[in-house]
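Reviewing the structure listed below.
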Amino acid sequence: QVQLVEFGGGLVQPGGSLRLSCAASGSIFNINTMGWYRQAPGMRRELVTSITNGGTTTYADSVKGRFTISRDDAKNTVSLQMNRLQFEDTAVYYCYGGGYGMDYWGKGTLVTVSA
């Protein structure tokens, strides 16, 4: 079993920055991809970004050039640096870990972009 815990959500003004972190514990050797999804009110959960064990990254078009994912394997963490935040980035952000047919999710952290 894998446990994922997110940190760092909060309220930020448009144009501001926020950094999310996710700490993984448990059977983390089962994970080969980690990432972040988000779900805005009334919307489906969508992929924001992901990173593989080999360092290959994927970004949603809406966040390219603004968000950066990184991982620290020594600390079993994955982080999401979010810059130039927009109202549309308001959502609950979920940490994701996947591998060998299994999906693991954190409980989510709320990011609110508001003036």
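Could you check the range 58-90 and list, in sequence order, the residues that are more than 20 Å from GLY10 (Cα to Cα), touching a strand residue (DSSP E or B) at 6+ places or on another chain (Cβ under 6 Å) and open to solvent by 50 Å² or more (accessible area, probe 1.4 Å)?
Passing the criteria: THR58, TYR59, ARG71, ASN76.
Just the residues that are open to solvent by 70 Å² or more (accessible area, probe 1.4 Å) and either touching a helix residue (DSSP H, G or I) at 6+ places or on another chain (Cβ under 9 Å) or among the small types (Gly, Ala, Ser) (or both), please, taken from the range 39-57.
Residues satisfying the conditions are GLY42, GLY54.
Go through the range 1-38 residue by residue and tally those that are under 21 Å from ALA91 (Cβ atoms) and either open to solvent by 60 Å² or more (accessible area, probe 1.4 Å) or more than 13 Å from the chain's Cα centre (by Cα) (or both).
Looking only at that region, the number is 11.
How many residues, within the range 41-61, are outside any strand (DSSP E or B), within 14 Å of the chain's Cα centre (by Cα) and of a type in the set (Gly, Ala, Ser)?
Number of matching residues: 1.
Would you pick out the residues in the range 21-36 that are part of a strand (DSSP E or B) and either farther than 18 Å from GLY101 by Cβ or aliphatic (A, V, I, L, M) (or both)? Don't jump to the end; show me each part of the working.
Filtering the range 21-36 for residues part of a strand (DSSP E or B) gives 21-26, 33-36.
If the condition is that a residue be part of a strand (DSSP E or B) and either farther than 18 Å from GLY101 by Cβ or aliphatic (A, V, I, L, M) (or both), then SER21, CYS22, ALA23, ALA24, SER25, MET34, TRP36 are the ones that fit.
The values are calculated or read from the model by the stated rules, or taken from the named source; none is laboratory data. Everything numeric here is computed off the predicted structure, so don't read it as measured data. We place every Cβ from the backbone using ideal geometry, glycine too, and count neighbours over all the protein chains shown. Note: areas computed on protein heavy atoms with side chains; ligands, DNA, RNA excluded. Shrake-Rupley method; radii C 1.70, N 1.55, O 1.52, S 1.80 Å.
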